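The values are calculated or read from the model by the stated rules, or taken from the named source; none is laboratory data. Treat the numbers as computed from the prediction; the structure is a model and nothing was measured. Please note: Cβ atoms are built from the backbone with ideal geometry, for glycine as well, and neighbour counts cover all protein chains shown.
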Amino acid sequence: MRDLRKFTESIGENVLENVGRAVGRAQEHTPLPVDLLESEDAYLAVFDAPGAVGSDVQVRLEDRRVEVRIDRFRDPREHFEMRFPGRGLTLDGHVTLPVEASVDGDAASATLQENGTLHVHVPKREGGTAVDVEAEHEAGDGDTDETVGSEQAAHDDGRTDGE
């Protein structure tokens, strides 16, 4: 009877350990949940970052894509042994900002909150960049090219559409 009990306990321990590993692997392959919020002057990506500390978190902004990677560590607990390793150690996620987003990546910041969320603040770029426009026009002795500012280019140069 004693051997049967040990055998049953051993099976139970193996099942728990394997289920824990499977759950951890599934968690590592599932993207972090994220909310994307927008205000007049910024985007805010809020990622779930359970069990992370600041040194575990890496954030990158590539083009319009906010990427987060969390490499968590399990601190050993004195007088305890791991029976069910169910938490994934490497977690990642991303969110893509809208196509029309013009952001200032150099001013972006990330803050790990006490409630286990990571806030990535990405300011919008103010205004646009002025672009010089080349306009062709006819001069008395031949064609010449002239570069004009973008504000001037918006005005009619005196010709009608039919010319």
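Regarding Gly51, is this residue assigned to a loop (DSSP other than H, G, I, E, B) and closer than 23 Å to Thr30 by Cα? Here the answer is yes, as Gly51 does meet what is asked.
Checking Ala42, Ala26 one by one, the residue that is modelled with pLDDT under 95, surrounded by 11 or more Cβ atoms within 10 Å (Cβ to Cβ) and over 13 Å from Thr96 (Cα atoms) is Ala26 and no other.
Restricting the first member to segment 94-119 and to residues that are free of Cβ contacts under 8 Å to residues at least 12 places away in the same chain, and the second to residues that are buried (at least 16 other Cβ atoms within 10 Å of the Cβ) and of a type in the set (S, T, N, Q), no beta-carbon pair is closer than 6 Å while six or more apart or on different chains. Quick one: would you say Arg5 is part of a loop (DSSP other than H, G, I, E, B), out of contact with any Pro (no Cβ under 6 Å at 6 or more places or on another chain) and at pLDDT below 95? No; evaluated as a whole, the condition is false for this residue.
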